[in-house]
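Visitor: Before anything else, here's the structure in question.
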Amino acid sequence: MTDRNLLPSMGAIQAFVESAATENFSAAGARLGLSQSAISRQIAAIEAMAGTALFERRGRRVVLNAAGRNVHAALVPALDQIAGAMRAVRARGSELTVATLPAFGMRWLAPRLPQLSALHPDLVVNLPVRIDPFDLTREGFDAAIHFGAPDWPDAEHHFLFEEEQVAVAAPGWALAHGLTRPEQVIDAPLLLQSLRPTAWNDWLSGQGIAAPRLTGARFDQFMIMAQAAAAGVGLALIPRFLIEPELAAGTLVEVFAQTLKSRSAYWLVHAKGPVSPALSRFRTWLTAQAA
C-alpha cells in the first residue's frame, strides 16, 4: 500500500523537475510562474520528505546529487504516465483543437459552427490559426485545415472542396476602368495574394494569353485584399466562397466571367491511426458540410 506520507505535493514535484532541468531556482520559478523563494520552499519540503539533500549548491547553480538523480529517474516516467492518461481521457472527451487557415476559418467554418452545436451540443471546437504544416501529435492538435495537395506528413487527408477564384473589384472601379477583354488586365492595377504570385498569369493563360510576370500590391491575407478591392484599390482574384457576402451586398462585383480553377484543394487532416469519438463526429459533420 502506498505510504501517502512519502508522496510529495504536485507543486513540489514540479519545482523539483524544473529545478533539475534549469539548474537554477529562479529559472524554474520563471517557468512555473513562481518566485525563487517559493521554489526554494518547495525544494526544502521535498528534501525534508526524502530525509536528505537532493541538490548540490554550486554558486547560483543547483545540480542533482546521487539521491536527487534517483528521485528524478523515478518521477519523470511517472509524470509522463500521468500526462499520457490525461491526454487519453481528453481524447475521449468532447473538446477538439482544430488548426484553421485564417480566411477559411472566418468565412466558411465559423459561420457553420451553430449547425455543429445544434447537432452535437456537447462538442467544443477550438480554432487556433496556423498556416504552415506542423507535427499534429507533438503540438497537441486534433486536426487541421490544409490547402494544397494531400501531402501533409504522417497525416490522413479528407477532401473538402476545390477552389474557384473570381476577378472582382469595387463597382465604381469596374465602371471607371471599363475592362471588357482579358488582355486589358495586363495594364490594370492588380492585387496579388503573397502565396499565389502567379495567379493573374495563370488566369490569363486560361484565356490563351501569355504575358510577362504581372505585378501589383501584395497581401498576405485574402480578406485584407478583399477589403482593399472593395475600397477601389484595384482588381483582385479571390476564392468565390470567401467573398459571397460582398458579392451579395454588391460591394464587390465580378469584372470578368472567366474564373481560375485551383489545382489545389481544402482538406481536413489528422494524425494517422484511431481517432477519438469527438474527432470522428466532427469529421463526419465537416465532410458533409463540404459535400
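The values are calculated or read from the model by the stated rules, or taken from the named source; none is laboratory data. Model, not experiment: these values are computed from the prediction. Because the Cβ atoms are built from the backbone with ideal geometry, glycine has one as well, and the counts that use them run over all protein chains shown.
Visitor: Yes or no: ALA230 in contact (Cβ under 8 Å) with a residue 40 or more places away in the chain, out of contact with any His (no Cβ under 7 Å at 6 or more places or on another chain) and closer than 16 Å to GLU164 by Cα?
Guide: Here the answer is no, as ALA230 does not meet what is asked.
Visitor: Kindly indicate whether any position in the stretch 169-191 is in contact with a Phe, Trp or Tyr (Cβ under 9 Å, 6 or more places away or on another chain), surrounded by fewer than 18 Cβ atoms within 10 Å (Cβ to Cβ), more than 24 Å from ALA265 (Cα to Cα) and of a type in the set (Gly, Ala, Ser).
Guide: no
Visitor: Name the residue that is nearest to LEU286 (Cα to Cα), counting only residues in the stretch 110-147 that are part of a helix (DSSP H, G or I) and without any contact (Cβ under 8 Å) to a residue 40 or more places away in the chain.
Guide: Per the stated criteria, the residue is LEU113.
Visitor: Do we have PHE16 as assigned by TED's automatic domain parsing to the domain that holds GLY273, touching a residue at least 12 places away in the same chain (Cβ under 8 Å) and assigned to a helix (DSSP H, G or I) here?
Guide: Against the criterion (assigned by TED's automatic domain parsing to the domain that holds GLY273, touching a residue at least 12 places away in the same chain (Cβ under 8 Å) and assigned to a helix (DSSP H, G or I)), PHE16 does not qualify.
Visitor: Which of the residues belonging to the stretch 192-213 are aliphatic (A, V, I, L, M) and buried (at least 18 other Cβ atoms within 10 Å of the Cβ)?
Guide: Answer for the stretch 192-213, where residues must be aliphatic (A, V, I, L, M) and buried (at least 18 other Cβ atoms within 10 Å of the Cβ): LEU192, ALA199, LEU204.
Visitor: Here is a follow-up. Report yes if some residue within the stretch 275-285 is surrounded by 13 or more Cβ atoms within 10 Å (Cβ to Cβ) and in a strand (DSSP E or B); otherwise report no.
Guide: Within the stretch 275-285, none of the residues are surrounded by 13 or more Cβ atoms within 10 Å (Cβ to Cβ) and in a strand (DSSP E or B).
Visitor: Just to be sure I understand, how many residues within the stretch 50-76 are modelled with pLDDT of 90 or more and assigned to a helix (DSSP H, G or I)?
Guide: Counting residues in the stretch 50-76 that are modelled with pLDDT of 90 or more and assigned to a helix (DSSP H, G or I) gives 11.
Visitor: Further question on the same structure: Can you find, within the stretch 67-86, the residue that is surrounded by the most Cβ atoms within 10 Å (Cβ to Cβ) among those that are of a type in the set (Val, Ile, Thr) and closer than 12 Å to PHE16 by Cα?
Guide: Filtering first and then ranking leaves VAL71.
Visitor: I would also like to ask the following. Can you tell me how many residues within the stretch 214-239 are modelled with pLDDT under 95 and loosely packed, with under 13 Cβ neighbours inside 10 Å?
Guide: Number of matching residues: 2.
Visitor: Got a sec? Which of ALA144, ALA188 is of a type in the set (A, V, I, L, M), more than 19 Å from the chain's Cα centre (by Cα) and modelled with pLDDT of 95 or more?
Guide: ALA188
Visitor: Looking for whichever is closer than 26 Å to VAL269 by Cβ, surrounded by 13 or more Cβ atoms within 10 Å (Cβ to Cβ) and not β-branched (Val, Ile, Thr) here; the options are GLY148, GLY140. Which one fits?
Guide: Being closer than 26 Å to VAL269 by Cβ, surrounded by 13 or more Cβ atoms within 10 Å (Cβ to Cβ) and not β-branched (Val, Ile, Thr) holds for just one of GLY148, GLY140, which is GLY148.
Visitor: Does ARG69 meet the test of being of a type in the set (D, E, K, R) and within 19 Å of the chain's Cα centre (by Cα)?
Guide: no
Visitor: Scan the stretch 195-227 residue by residue and report those that are touching a residue at least 60 places away in the same chain (Cβ under 8 Å) and either over 24 Å from LEU101 (Cα atoms) or in a loop (DSSP other than H, G, I, E, B) (or both).
Guide: Listed by number, the list holds a single entry, GLN221.
Visitor: Quick one: count up the residues across the stretch 148-176 that are without any contact (Cβ under 8 Å) to a residue 60 or more places away in the chain and part of a helix (DSSP H, G or I).
Guide: 2
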